[in-house]
Amino acid sequence: MKLTRTILKITVLAALLIFAFAAVGTGPSAAKKSSKKTPCKSDLAHCPDQRCGGDFDPEVNKLKNTRPDDSRASGPATARTLAWMKNLDNPEEFEKGQDRDELATAGEGSHVSIVAYLIGIKPEGGESCNCGLTKKEWTDNHLVLVSKATVKKFPLDSEEDGEDAFHARERESIPAEFTPRVRLTHPNFTREKVLPLLKDAPEGALLVRVSGMLTFDSEHFVHNPLKRVNHWEVHPILKFEYCSAGSNCTAQSASGWTSLADFWSSRSAYDGERLHT
């Protein structure tokens, strides 16, 4: 009888252990692992502008995938200030897939030009607008744009507090995005091509003028709200210029502005001359 009770206790204990391990396997970490998304297309050429699958907002993706030759991108961009963009309100409520009439009234889909200070450019991972693809040339680059007041408010006094200053600046930023579809005709729209300019900029801030589509990032707003001023951005960037005359450039003037393409073309010509002298 004593042996039978011992065996029974061991059996019950074993059952409890099995149940516990099973519970751990179905916990939050396991759920996170099983929910890892895979690209819904094999490459960018087969990725529809609205994306594939069901977990996305097709209208915002189509806007993010505007190309330079699209009719909505034609004509001169309307000059806007960074302050104007920062004052745009997020909608009080927005659900995935709802109509964007209120956003269009606020300016979404318009071709705008913004002058601001670039303080960073980040590689992006797989996003729904790019079918979840993660190959570098098929992903966006995220440009962090701030005002001169923000640059001075959070100076880079030393390398030690540089990262803290950057994050403080970023919380007052408006983003702009290089996209892989625009990159097909503007191959210099990459993080690698911008970093050399940003590296030499005083105070870690490069004065730039970006032109592109004004977009409300409803996907982040609904699924993953960000710690920044609002969820409006220039997405995609269709034209990128930096001030090669220090800070003596204005929004309305062509003087002093150099396009990224012109900079790298002149750099290539200079390097070619050096090789032949």
Report task. Quote the Stokes-Einstein diffusion coefficient, in whole µm² s⁻¹, for the stretch 137-277, based on the Kirkwood radius over alpha carbon pairs, a temperature of 10 °C and a viscosity of 1.306 mPa s. Result -> 95
Report summary line: For LEU207, the residues 5 or more places away or on another chain with a placed amide H closer than 5 Å to its own amide H are LEU118, CYS243
Report task. Give me the aspartates and glutamates in straight-line cross-link reach of LYS86: C-alpha distance below 19 Å, same-chain residues under 8 apart excluded. Result -> GLU102, GLU108, GLU170, GLU172, GLU177, ASP217, GLU219, GLU233
Report summary line: Simple SL model, points at 7 angstrom along Cα→Cβ for LEU184 and ASN248; separation in nm is 4.2
Query raised in the report: Would you list CYS40, CYS52 from fewest to most Cβ contacts within 10 Å?
Result: CYS52, CYS40
**Report entry** Least to most buried among ILE114, ILE121 (fewest other Cβ within 10 Å first)
**Finding:** ILE121, ILE114
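A 31 angstrom limit on the alpha carbon distance is what I want to check against. Which of LYS62/LYS152; LYS135/LYS227; LYS193/LYS227; LYS96/LYS199; LYS64/LYS199; LYS62/LYS153 exceed it? Before the final figure, lay out each step's value.
Values: LYS62/LYS152 37 Å; LYS135/LYS227 27 Å; LYS193/LYS227 27 Å; LYS96/LYS199 39 Å; LYS64/LYS199 28 Å; LYS62/LYS153 37 Å.
Going by Cα-Cα distance, LYS62/LYS152; LYS96/LYS199; LYS62/LYS153 fall outside the 31 Å limit.
Which order results if THR134, THR66, THR38 are arranged by neighbouring Cβ count within 10 Å, fewest first?
Taking fewest neighbouring Cβ atoms as first place, the list is THR38, THR134, THR66.
Laboratory data are not the source of any read-out in this text; all were calculated from the coordinates shown. All of these numbers come straight from a predicted model, not from anything done at the bench. Note that each Cβ is placed from the backbone with ideal geometry, even for glycine, and that neighbours are counted across all protein chains shown.
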